[in-house]
């Protein structure tokens, strides 16, 4: 995909997010592109599950949690994912948990790295990159339909058969008292189980998550090696991570 196409698709997503539902003809007029060009872009975004396109109208992805999150701040997440992908070598096996930044990371690895194997508990990620030539190990477990992830004791047993250098995860929030936090107890428990099988844990998140707080603790600070976020991270949060000896990588907005 060319940089021009990337920029056009970013503008499409930003416009749809602002309008919630918009007519295709009006969207083409607003973007200054032909309907034929626009429909090609819309088909790509629809196949990724980021948008819905039906009966001449376009809207954000379905009510499914991760689809909605993919269309929100997509360009920032793509930059975070690209920075994370730079840490992965050709031929490496990595673990990736569910989340919008993580899904885009999986796509980056599948598109731009050779012989990478991805171990994940996310059925969404497995489906999201199915069109690409990449080795995927999908862990079993109890299926959560909204987030499309596998959780529970079966997932723990499955992941015990692997040992990797890098485990990439997202987060729902942050607090100085409890560290990074999640909104689902079973998902957070599964993240902790998967963490035991990795030498390094790397968090991918937009800076706004540092102003939110999840319902349950996700991981203590001493299990996190690196946080990749955008440059809008609050200064006090950046200082706090430094005090916890957590490396921070910031991408430009």
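The values are calculated or read from the model by the stated rules, or taken from the named source; none is laboratory data. The structure presented is a predicted model; accordingly, all values stated were derived computationally and were not measured. In this analysis, Cβ positions are derived from the backbone assuming ideal geometry, glycine residues included, and neighbour counts consider all displayed protein chains.
Observations on the model:
- Any hit, the stretch 9-16, residues being modelled with pLDDT of 80 or more, surrounded by 15 or more Cβ atoms within 10 Å (Cβ to Cβ) and not in a helix (DSSP H, G or I): no
- Looking at the stretch 114-196, the helices (runs of 4 or more DSSP H) lying wholly inside it that each contain 3 or more residues that are over 17 Å from the mean Cα position of the chain (by Cα) and under 26 Å from residue 210 (Cβ atoms) sit at 185-195.
- Here the condition is being crowded, with 22+ Cβ neighbours inside 10 Å and free of Cβ contacts under 8 Å to residues at least 60 places away in the same chain; of 140, 152, 173, 182, it holds for 182 alone.
- Whichever residue in the stretch 75-99 is in contact (Cβ under 8 Å) with a residue 40 or more places away in the chain and part of a loop (DSSP other than H, G, I, E, B) and, among such residues, is nearest to the chain's Cα centre (by Cα): 99
- When the stretch 226-253 is limited to residues that are within 20 Å of the chain's Cα centre (by Cα) and in a loop (DSSP other than H, G, I, E, B), the one that is modelled with the lowest pLDDT turns out to be 253.
- Single unsatisfied condition, residue 218 versus (1) surrounded by fewer than 16 Cβ atoms within 10 Å (Cβ to Cβ); (2) at pLDDT below 95: (1)
- Condition met for residue 111 (exposed (fewer than 15 other Cβ atoms within 10 Å of the Cβ), within 16 Å of the chain's Cα centre (by Cα) and modelled with pLDDT of 90 or more): yes
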